[in-house]
Amino acid sequence: MAAFFPDTDSEDELPSGFEERVDPEGRVFFLNHVNQTTQWSHPKSGKTKRVPEKLPHGWEKIVDQDGRITFVDKINNKTTLTDPRLVYAYDIDESEEPKMAQRFSSSTTPSMILAGKDLTGKIAIVTGGNCGIGYETVKALAFHGAKVYVACRDLDRANSAMDILRQEKPSAQIIVMKCDLSSLNSVEEFANEFIQEKEKLHFLICNAGIFGAPHTMTEDGFEQTFQINYLAHIYLIQLLQDTLIASAPSKIILVSSENHRFSLLNSSNISEEYLSPKSANRFVPIMAYNDSKLCMNLINRYLAQMYQNYNVTVHCLHPGNAIYTSLQRNWWFYRLGFFLIRPFTKSVEQGAATTIYCAASKELENRSGAYYNNCVECKPSSSVEDEQLINSLWKITQNMLSSRLKKRIS
């Protein structure tokens, strides 16, 4: 393929003298410049491929009077003879049905998922979008036409981060708004401010979280890991549920973790004190993180049932193992550990892929309440199947919120 385009993640490399091209129906064929022949199968792997139906966002196909085809990148003002969809070519079987497991994997990036998709007119909220996986999530959505509201605690840091994206793509619609998840008052103020904008809401992405933080009580009287990772997000969902329903079809996306499998929370020990201990004596930071991520998986099932008649779907996901972001900032040991295994984990961009998959994939429009890893639905821990535990968590969550906010949230 021409060097104008970045390399794909394909394990197959073309032999010298071969070139990939695309026929009018989107099938990839291989031209042998040495003997001037063509073939449908890859000359080394024998695989056949197809490209997405639509061009990537910002591209246009031009056919001149002589039938000569060129492709124009309107965003970067560049022209090429090579079909840009070749970057996202995927294997097909003999019946030419896409093999989803081959298209999406641990090495998938958001741009691969969004190839050919135009999200113009879609509105998203991303919590914690100023850095790490949240930043890549905002970038992917905004660069493909969506209007993204970035909910962050530190406005200065968030605006500095978003200015980089705005410089890279001036047409990107990115709005930064204050939302401190350690303060339920701040969450309510953010939700009210967003509602006053009279916008629709198609994607509510609950991404923000902390890891390995010491025992600290918030102004609302909750342990901070539990509140930031779980409770404040549930409050935000409930505050915006009318907007989500009015904007349907819409999606709620909960960023969990494979760490949920190591939680000790169960239907026998669940209580407000267990979830949000007032004393540091029995507090273990990593276990608090695990518990909060299990809560995300549990509530995913409850919310899916709650909104099933409103065309609002709910999806829970694991972004990747030990991705090197600012998440591990709370202890030098975590920073060192994450740094040492960095070469063997996903990039931050790859970490955002499953979030984008849950948000933008049409195949999930009629699916709700499932758990995803590497852009594939997978089975969560057995605890997530415990209906008693799910219902107990919901009741405790409601009691926590109503007791602190002096009102019942239905």
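The values are calculated or read from the model by the stated rules, or taken from the named source; none is laboratory data. Model, not experiment: these values are computed from the prediction. We place every Cβ from the backbone using ideal geometry, glycine too, and count neighbours over all the protein chains shown. Areas reflect the complete protein model, heavy atoms only, side chains present, ligands, DNA and RNA absent. Shrake-Rupley method; radii C 1.70, N 1.55, O 1.52, S 1.80 Å.
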Quiz item: If you go through the stretch 51-73 one residue at a time, how many are open to solvent by 40 Å² or more (accessible area, probe 1.4 Å), charged (D, E, K, R) and at pLDDT 80 or above?
Solution: 2
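Please specify each residue of the stretch 126-174 satisfying the condition of being of a type in the set (S, T, N, Q), under 22 Å from LEU55 (Cβ atoms) and in a loop (DSSP other than H, G, I, E, B).
The first filter runs over the stretch 126-174 and keeps only residues of a type in the set (S, T, N, Q), leaving 127, 130, 137, 159-160, 167, 171, 173.
From what's left, under 22 Å from LEU55 (Cβ atoms): 171, 173.
Correct list: SER171 only.
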Practice problem: Select from the stretch 136-149 the residues that are in contact with a helix residue (DSSP H, G or I) (Cβ under 6 Å, 6 or more places away or on another chain) and open to solvent by less than 40 Å² (accessible area, probe 1.4 Å) and list them in ascending order. | Solution: GLU136, THR137, ALA140, VAL148
Quiz item: Taking SER263, is it within 17 Å of LEU317 (Cβ to Cβ) and open to solvent by less than 10 Å² (accessible area, probe 1.4 Å)?
Solution: no
Exercise. Give the residue that is farthest from ALA151 (Cα to Cα), with candidates limited to residues of the stretch 113-139 that are at pLDDT 90 or above and among the small types (Gly, Ala, Ser).
Key: GLY121
Exercise. Determine which member of the set ILE396, ILE390, ILE356 is open to solvent by 10 Å² or more (accessible area, probe 1.4 Å), part of a helix (DSSP H, G or I), among the hydrophobic types (A, V, I, L, M, F, W, C) and modelled with pLDDT of 95 or more.
Key: ILE396
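Which is touching a Lys or Arg at 6+ places or on another chain (Cβ under 6 Å) and under 30 Å from PRO285 (Cα atoms), of LEU155, LEU204, LEU181, LEU165? Quick ask: steps written out before the conclusion?
Working: LEU204 fails: touching a Lys or Arg at 6+ places or on another chain (Cβ under 6 Å); LEU181 fails: touching a Lys or Arg at 6+ places or on another chain (Cβ under 6 Å); LEU165 fails: under 30 Å from PRO285 (Cα atoms).
Only one candidate qualifies: LEU155.
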Quiz item: Of all residues in the stretch 76-98, which are at pLDDT 65 or above and open to solvent by 80 Å² or more (accessible area, probe 1.4 Å)?
Solution: ASN76, ASN77, LYS78, THR79, LEU81
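Residues checked against (1) of a type in the set (D, E, K, R); (2) modelled with pLDDT under 95:
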{"position": "LYS178", "(1), (2)": "yes, no"}
{"position": "GLU193", "(1), (2)": "yes, no"}
{"position": "ILE205", "(1), (2)": "no, no"}
{"position": "GLY212", "(1), (2)": "no, yes"}
Quiz item: Taking the stretch 231-251 as the search range and keeping residues that are of a type in the set (A, V, I, L, M), touching a helix residue (DSSP H, G or I) at 6+ places or on another chain (Cβ under 6 Å) and open to solvent by less than 10 Å² (accessible area, probe 1.4 Å), which one is nearest to PRO277 (Cα to Cα)?
Solution: ALA232
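Could you tell me how many of the residues in the stretch 163-186 are open to solvent by less than 20 Å² (accessible area, probe 1.4 Å) and closer than 13 Å to GLY128 by Cβ? Show your work before the answer.
So in the stretch 163-186, the residues open to solvent by less than 20 Å² (accessible area, probe 1.4 Å) come out as 165, 169, 172, 174, 177, 179, 181, 183-184, 186.
Among the residues that remain, those that are also closer than 13 Å to GLY128 by Cβ are: 177, 179, 181.
So the count comes out to 3.
Under the condition of being outside any strand (DSSP E or B) and not basic (Lys, Arg), which residue from the stretch 378-387 is surrounded by the fewest Cβ atoms within 10 Å (Cβ to Cβ)? Steps first, please.
Let us first name the residues in the stretch 378-387 that are outside any strand (DSSP E or B), namely 379-387.
Among the residues that remain, those that are also not basic (Lys, Arg) are: 380-387.
On the way: PRO380: 22, SER381: 16, SER382: 8, SER383: 18, VAL384: 21, GLU385: 12, ASP386: 18, GLU387: 11.
Residue satisfying both the conditions and the ranking: SER382.
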Exercise. Return the only residue of ALA151, ALA101, ALA142 being closer than 24 Å to HIS318 by Cα and modelled with pLDDT under 90.
Key: ALA101
Quiz item: Out of the residues in the stretch 399-410 that are in contact (Cβ under 8 Å) with a residue 60 or more places away in the chain and over 22 Å from ASN269 (Cβ atoms), which is most open to solvent (accessible area, probe 1.4 Å)?
Solution: ARG404
Quiz item: So which residues in the stretch 361-377 are touching a residue at least 12 places away in the same chain (Cβ under 8 Å), open to solvent by 40 Å² or more (accessible area, probe 1.4 Å) and assigned to a strand (DSSP E or B)?
Solution: VAL376
